[in-house]
Amino acid sequence: MTLRELDIGFSSCPNDTFMFHGLISGAIDLAGVRARPAIADIEALNLRALGRGEPRLPVTKLSANALAHVCDQYTVLSAGAALGRGCGPLVVRRGADSQIEDLAALRGRTVAIPGEFTTAHLLLRTCFAEAAGAGEPLSVTIMRFDQIMPAVASGRVDAGLIIHESRFTYPEHGLVELADLGVLWEQATGLPIPLGMICAQRSLAPALVDALEHGLRRSIELAMAEPARSRAWIREHAQELDDEVCRQHIELYVNAFSVQLGDEGRAAIDELLARGRASGFLPAGPSPWR
């Protein structure tokens, strides 16, 4: 039987390769469909879903920020999300730059961000507005996530918004935490922070979307039960990270919400979109759910 190939977009970060290994390797059967990886930086996936560059992927990871712009075209799957507590993006500065004491002190300064449509950028905008009030807007410059810490350390920018494994390595660059945006979110809402979701085009057949949700859930459960299966593939795509950082990364971003969003996970996504839309930073749009 000839298998239909289906492109699925996700990042090279350990949490994504950990979750998707079972699907991509064929260990999890998708009933006549072969999952083909389209691995890229999260902002590249965001831009692709927005129609900027390569054709849109039928299934892709998206930041909550990007999702808000394409809710008419994509719906969120109940499995595969990066959502949790204590895992939000951090704002960091140089250790010696003591004049920047809080988010309000970033007014008139430049912050490096990992992408215009990242969830991190959305959180930064809303948290800065709450801290600084009306006045001069925040100035940002876009960089790849792995270029931000060196830029802050060298003084090219005043502060940086860091995600992924940078949470574990920023002290090595002489940087200190200015704000944990995940903590600020949790204090304000009591909800886990939704960072990224796996989304499917609304044009896909409902039976296929059901199969994808079930298959991805089984893939995550297999990875959790037998972590050695995916270790080599994770290392292949995370060559600059040591095993301990990979382990910490997976433990932070892969959890019960990844297996099944549930009511609390759905509520967190709805709340983040609602707050972004109410602030005017996100466009109005439909619900992200089927």
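Coordinate-derived values only; no laboratory data. Please read these numbers as outputs of a predicted model, since none were measured by experiment. Here Cβ is always computed from backbone atoms with ideal geometry, including for glycine, and neighbour counts include all displayed protein chains.
Of note:
- Taking amide H as placed 1.01 Å from N in the peptide plane, the amide H of A179 sits under 5 Å from that of V91, each at least 5 places away or on another chain.
- The chain: calculated mean residue ellipticity at 222 nm from DSSP helix runs of at least 4, using -39500 (n - 2.57): -12000 deg cm²/dmol
- Reported label for calculated semi-axes √(5λ) of the Cα gyration tensor in Å given (i) 39, 21, 18; (ii) 34, 21, 20; (iii) 32, 22, 16: (iii)
- For the chain, the longest principal axis of the C-alpha atoms and the axis of helix 262-279 are separated by about 40°.
- Figure legend: label point modelled 7 angstrom from the Cα of E221 along Cα→Cβ; residues of the stretch 234-264 with amide N under 16 Å from it are 255-262.
- Counted charge near R167, where neighbours are those whose Cβ lies closer than 11 Å (Asp, Glu -1; Lys, Arg +1): -3
- Against the chain, whose longest principal axis comes from its Cα atoms, helix 119-132 is set at around 30 degrees.
- The chain: relative contact order in percent, alpha carbon pairs under 8 Å with at least 6 residues between: 31
- A simple count of charges around V70, restricted to other residues whose Cβ falls under 13 Å of its Cβ and scoring Lys, Arg +1 and Asp, Glu -1, yields +4.
- The GNM of the chain, with springs linking C-alpha atoms under 10 angstrom apart, assigns the highest mean-square fluctuation among P37, P194, P206 to P206.
- The ranking of V59, V152 from fewest to most other beta carbons within 10 Å of each one's beta carbon is V59, V152.
- The angle between the Cα long axis of helix 243-253 and the longest principal axis of the Cα atoms of the chain comes to about 90 degrees, rounded to the nearest 10.
- Fraction of beta bridges assigned by DSSP in the stretch 90-189 that are antiparallel (%, nearest 5): 55
- Long-range amide H partners of D7 with built H, under 5 Å: R36
- If you run the Gaussian network model on the chain, springs between alpha carbon atoms under 10 Å, then out of M224, M197, M149 the most flexible one is M224.
- Rounded to the nearest 5, the antiparallel percentage of DSSP beta bridges internal to the chain is 55%.
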